Amino acid sequence: MFKYRSGWLSDVRYQSYYQQLGIIKQPKRQQTVVGKILLAELLGLPEQQFLTNPEFEIGPAGKPFFSHRPEYFNISHSNQLVVAAIADVEIGIDVEKQRSMTLSKYQRAFTAAELSYLRSLTPTRQAVELLRLWTVKEAVIKQQGLGLFSAGPRSVAVTVPRMEAATYKQHCFAIHFLGIDTAYVGSLALNEIK
């Protein structure tokens with residue numbers, strides 16, 4: 001089971017927090033604040049309390065986790081959008097603003113099967129699917145608590161064309177696409193329960 005919420009940096013409900021924290025012109029810090037507020041909402045906790053004492057610890061690879069709660073969480077942001085998710089198992093999410101990505105620039109990130117699939121598509125469809133694949137790979141790597149460059153995106157193999165599952169070092173993941181906004185692509189990765 002998982003839940004997620006999204007928020008826009010420009011949302012009027014966050015402006016008082018930006019003023020209070022002195023981060024009116026600091027979008028990176030605003031992303032952090034919005035992520036914490038979204039987590040508080042998902043957990044049913046008071047926002048202000050969660051902002052001042054979020055009860056996070058940092059794991060050995062740098063992935064934060066709750067120190068005194070059973071839920072797992074992950075946060076992603078792209079441009080003006082922030083997405084937070086919680087689950088009862090380890091979770092990874094990635095969200096990316098739609099943009100033009102060329103296969104020639106990113107081909108080292110994909111397995112042979114993924115490349116074959118991408119090359120079979122029209123240029124317009126290829127750009128869409130390339131970004132979907134990218135978010136799946138990043139969600140899996142984040143679920144593992146690793147960085148994109150430490151794990152290497154090619155090490156994540158995604159089932160194509162449906163992209164409902166992925167593997168990384170003999171671990172299997174269920175993939176869910178997040179319907180957030182038409183200008184964004186979002187993916188969520190959970191350990192597949194067998």
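Inside the stretch 102-114, residues that are crowded, with 17+ Cβ neighbours inside 10 Å and aliphatic (A, V, I, L, M) make up a count of 2. When residues in the stretch 161-181 are screened for being within 23 Å of Q126 (Cβ to Cβ) and touching a residue at least 24 places away in the same chain (Cβ under 8 Å), 10 of them pass.
Selection over the stretch 87-121 of residues that are in a loop (DSSP other than H, G, I, E, B) and either touching a Ser or Thr at 6+ places or on another chain (Cβ under 7 Å) or not hydrophobic (A, V, I, L, M, F, W, C) (or both) gives a count of 8. Of everything in the stretch 1-17 that is of a type in the set (S, T, Y) and within 23 Å of the chain's Cα centre (by Cα), the residue that is surrounded by the most Cβ atoms within 10 Å (Cβ to Cβ) is Y4. The single condition from (1) within 15 Å of the chain's Cα centre (by Cα); (2) in a strand (DSSP E or B) that L38 fails is (2). Within the stretch 18-35, the set of residues being surrounded by 14 or more Cβ atoms within 10 Å (Cβ to Cβ) and either part of a loop (DSSP other than H, G, I, E, B) or in contact with a Pro (Cβ under 9 Å, 6 or more places away or on another chain) (or both) comprises I23 only. Taken over the stretch 43-86, the criterion of being under 16 Å from I141 (Cα atoms), part of a loop (DSSP other than H, G, I, E, B) and of a type outside the set (A, V, I, L, M, F, W, C) is satisfied by G59, P60, G62, K63.
The residue of the stretch 122-165 that is farthest from A189 (Cα to Cα), among those that are of a type in the set (D, E, K, R) and part of a loop (DSSP other than H, G, I, E, B), is R162. The residue of the stretch 166-184 that is surrounded by the fewest Cβ atoms within 10 Å (Cβ to Cβ), among those that are small (G, A, S) and in a loop (DSSP other than H, G, I, E, B), is G179. Only one entry of V156, V160 meets the criterion of being surrounded by 14 or more Cβ atoms within 10 Å (Cβ to Cβ), β-branched (V, I, T) and in contact with a strand residue (DSSP E or B) (Cβ under 6 Å, 6 or more places away or on another chain), and that entry is V156. Take the conditions (1) of a type in the set (F, W, Y); (2) at pLDDT below 95; (3) outside the structural domain of L148 (by TED's automatic domain parsing); Y18 misses just one of them, which is (2). Scanning the stretch 69-89 for residues that are within 16 Å of W134 (Cβ to Cβ) and in contact with a helix residue (DSSP H, G or I) (Cβ under 6 Å, 6 or more places away or on another chain) turns up just one, H77.
Can you pull out every residue in the stretch 173-194 that is modelled with pLDDT under 95 and not aliphatic (A, V, I, L, M)? Selection gives G179, D181, T182, N191, E192, K194. Residues in the stretch 54-88 that are closer than 22 Å to M1 by Cβ, hydroxyl-bearing (S, T, Y) and within 18 Å of the chain's Cα centre (by Cα) were compared, and the one that is surrounded by the fewest Cβ atoms within 10 Å (Cβ to Cβ) is Y72. Here A85 passes the criteria (1) in contact with an Asp or Glu (Cβ under 9 Å, 6 or more places away or on another chain); (2) closer than 23 Å to S155 by Cβ except the one numbered (1).
The values are calculated or read from the model by the stated rules, or taken from the named source; none is laboratory data. In this text, all values refer to a predicted model and were calculated from it rather than measured experimentally. Glycine also receives a Cβ, built like all others from the backbone with ideal geometry; neighbour counts cover every protein chain displayed.
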